[in-house]
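Novice: Sharing a structure below in structure tokens format, with a few things to ask.
FYI, it's all coordinate maths here, none of it is from the lab. Note that the structure is a prediction, hence the values are computed from the model and not measured. Virtual Cβ from ideal backbone geometry, glycine too; neighbours counted across all protein chains shown.
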2 protein chains.
Amino acid sequence: MIFKKVTIIGLGLIGGSLAWALKKSGEVTEIFGVDLDEKAVDYAIQEGIIDRGSNEIENGVKQSEIIVIATHVGLIPRIAKSVFDIASKGSLITDVGSVKGKIVEEVELSLPSHLYFVGGHPIAGTERSSVWAADYRLFQGKRCILTQTQKTQAEALAKAKSLWEIVGAEVFTMDPKTHDRVFAFVSHLPHVVAYALINAVASEKEPDNILEFAGGGLRDYTRIGASSPDMWSDIFISNKKNVMEAIEAFKGVLEKIRLMIEREDIKGLKEELSKAVGIRNRLDK
Amino acid sequence: MIFKKVTIIGLGLIGGSLAWALKKSGEVTEIFGVDLDEKAVDYAIQEGIIDRGSNEIENGVKQSEIIVIATHVGLIPRIAKSVFDIASKGSLITDVGSVKGKIVEEVELSLPSHLYFVGGHPIAGTERSSVWAADYRLFQGKRCILTQTQKTQAEALAKAKSLWEIVGAEVFTMDPKTHDRVFAFVSHLPHVVAYALINAVASEKEPDNILEFAGGGLRDYTRIGASSPDMWSDIFISNKKNVMEAIEAFKGVLEKIRLMIEREDIKGLKEELSKAVGIRNRLDK
């Protein structure tokens, strides 16, 4: 056993999958799950995803070695603070939020000296959500970013790293600012664009059966456009500055391509498109 | 046997797959393939994709019941006209171009009275191209649009319909103008956006390893961004007016979402994103 008790607050896709993966690893004495939804807790116990559970944070946090906050991004700082008074001395608090700057700053600012905090962001997930979609293999071979700041304690970082390695993830450290910049471009922007694209296609009413002709292209492409609106609204606003800059960068390239089409600049267009194909093919590796 | 000789001009992914599927059907006496690339012709003969082949159009077109032009969109009208003088009386000329307005108009304008023309567009394809990627199952269960205009002869349309049904496609008829409007939104716009997105992400140089963190989201989504730049440059310019209008519609929705993020309008954002999820889920059916 590597860890004694691990508490996961928020049994959604990520929280549920992490709990289950830790359970399967056999390296944790007890997995405690907390969720407001009693049905989610009951389901998780029945399926062996967690050992015990509750819909109240207080019941789960005591004597926990690690407390993982796996709720929507906007709730994480508040939940972290509510844990401060009840967590046992030496506990590590960590999270799985897709935006890190705000969370890490807010939590570190008020963190009591007897607790530790390391921000986390596993790069895994599907368009589905909830514990019913949980999969203990979700993190295998995936990356997990952990934040490192001037306040990060080496021992706490090592513990968080070990937690994610147990479930098969490859751990990278980043400062929260760099993290939010990178993910604004590689993840948040693609989601903004997917949502906008779907609504733009659907806005065209002529002919009224236009969506019937959407081929595999639009379908594949917009898989991420089926992701949770609540979660993503929260992410976009939590990473507002970077997301808006990424949208501006995208608008610039789109306008360049639009102008090439308008001017029938086939040479320029081929070059621009070839650049994208070259980059896209590198992503496959 | 339903057809005697069918000639396919252009042994790319679509032409090669159509030839092969017709061959497998056993409903065509002879499949003749034409491609400028001798290696493609040799490969297609070797693999049993075509019966005979040539790199000159003239050799293949004589005595053909149906001549399918499966080259890039921009070349189709010119090739159709070059076929006029050599095609046998009563032959049906058809094509597989993703844009129909320009092609149908230009070909119908100069079509001799002893020949027939019906525009076609199978809604199938992958990001790969060339005869080496051909697949005789490519059209099974897929849609194929055939154009219907005031000049379209019922008999010619029925013959084109039969050709695509033999290879497993479901045939729909549309006037060329509606076709180009529909596909500007459901296919051409998503491609423009995918190319622009990839180049926008890659334009961000801070940090320089930003692409390493692209998750499954960006990868899946940009599959179509790996499609042939030559083919797509050609399509965008051939359908310029509609594609530019689709880009404008998309820019409008993107700006609406950007403003909601700027104003932290979480309620509006959730509504806008939920709309997309609802539409996206309908595409799955």
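Novice: State the Cα centre-to-centre distance between the range A:131-207 and the range B:148-221 in whole Å.
Specialist: Cα centres, the range A:131-207 to the range B:148-221: 29 Å.
Novice: A:M260: net charge of surrounding residues, Cβ under 12 Å, Lys/Arg +1, Asp/Glu -1, itself excluded?
Specialist: Net charge in that neighbourhood comes out at 0.
Novice: Report D for the range B:21-126 in µm² per second (integer): Stokes-Einstein, Kirkwood Rh on Cα pairs, 25 °C, 0.890 mPa s.
Specialist: In µm²/s, the coefficient is 170.
Novice: Please report the Cα spread of the range A:178-283 along all three principal axes, rounded to whole Å, starting with the longest.
Specialist: 40, 36, 24
Novice: I've got another one for you. Between A:E245 and the same site in the other copies, what are the distances in nm, shortest first, taking label points 7 Å from Cα along the C-beta direction?
Specialist: In nanometres, ordered from closest: 3.8.
Novice: If you don't mind, another one. With everything on Cα atoms, drop me the angle between helix A:240-262 and the longest principal axis of chain A, reported from 0 to 90° to the nearest 10.
Specialist: 20 degrees
Novice: From the cross-link list A:K62/A:K161; A:K240/B:K205; B:K62/B:K177, which pairs have alpha carbons spaced over 28 Å apart?
Specialist: From A:K62/A:K161; A:K240/B:K205; B:K62/B:K177, over 28 Å: B:K62/B:K177.
Novice: Additional query: How high is the relative contact order of the range A:132-240, in percent, with contacts defined as C-alpha pairs under 8 Å that are six or more residues apart?
Specialist: Reported as a whole number, the value is 24 percent.
Novice: Could I ask something else about it? Need one word for the range B:28-72: rounded, prolate or oblate. Basis is the Cα gyration tensor (sqrt eigenvalues a ≥ b ≥ c); a/c below 1.5 gives rounded, then a/b vs b/c decides.
Specialist: oblate
Novice: If Rh is defined by the Kirkwood formula over all Cα pairs and Rg also comes from Cα, what ratio Rg/Rh do you get for the protein assembly as shown?
Specialist: 1.08
Novice: Given the DSSP H assignment, sum -39500 (n - 2.57) over each helix run of at least 4 residues in chain B and divide by its residue total; what's the result at 222 nm in deg cm²/dmol, nearest 500?
Specialist: Here the helix-only value at 222 nm equals -15000 deg cm²/dmol.
Novice: What is chain B's relative contact order, in percent, from Cα pairs under 8 angstrom and six or more apart in sequence?
Specialist: It rounds to 16 percent for chain B.
Novice: May I pose another question? Quick one: label points 7 angstrom along Cα→Cβ at A:Q150, distances to the other copies in nm, smallest first?
Specialist: Ordered by increasing distance: 7.8 nm.
Novice: Measuring label to label, 7 Å along Cα→Cβ, what does B:K177 give against each other copy in nm, shortest first?
Specialist: 5.7
Novice: Determine ³J(HN,Hα), in whole Hz, for all residues of the range A:159-166 in sequence, where each value follows from phi through the Karplus function 6.51 cos²θ - 1.76 cosθ + 1.60 and θ = phi - 60°; x replaces Gly and Pro.
Specialist: 5, 5, 4, 4, 4, 6, 5, 4
Novice: I've got another one for you. If you add up the charges near B:E56, with Lys and Arg at +1 and Asp and Glu at -1, over every other residue whose beta carbon is less than 15 angstrom from its beta carbon, what do you get?
Specialist: My count for the surroundings of B:E56 gives -4.
Novice: How large is Rg/Rh for the range B:113-261, to two decimals, with Cα atoms and a Kirkwood Rh?
Specialist: That ratio equals 1.06.
Novice: In the calculated pair distance distribution of chain B, what percentage of Cα-Cα distances lie above 36 Å?
Specialist: Percent of Cα pairs beyond 36 Å in chain B: 23.
Novice: To two decimal places, what compactness ratio does the range A:133-214 give when its Cα radius of gyration is scaled by 2.2 N^0.38 Å?
Specialist: Computed over Cα atoms of the range A:133-214, the ratio equals 1.68.
Novice: Output the 0 to 90 degree angle, nearest 10, between the alpha-carbon long axis of helix A:189-203 and the longest principal axis computed from the alpha carbons of chain A.
Specialist: Computed tilt is about 50 degrees.
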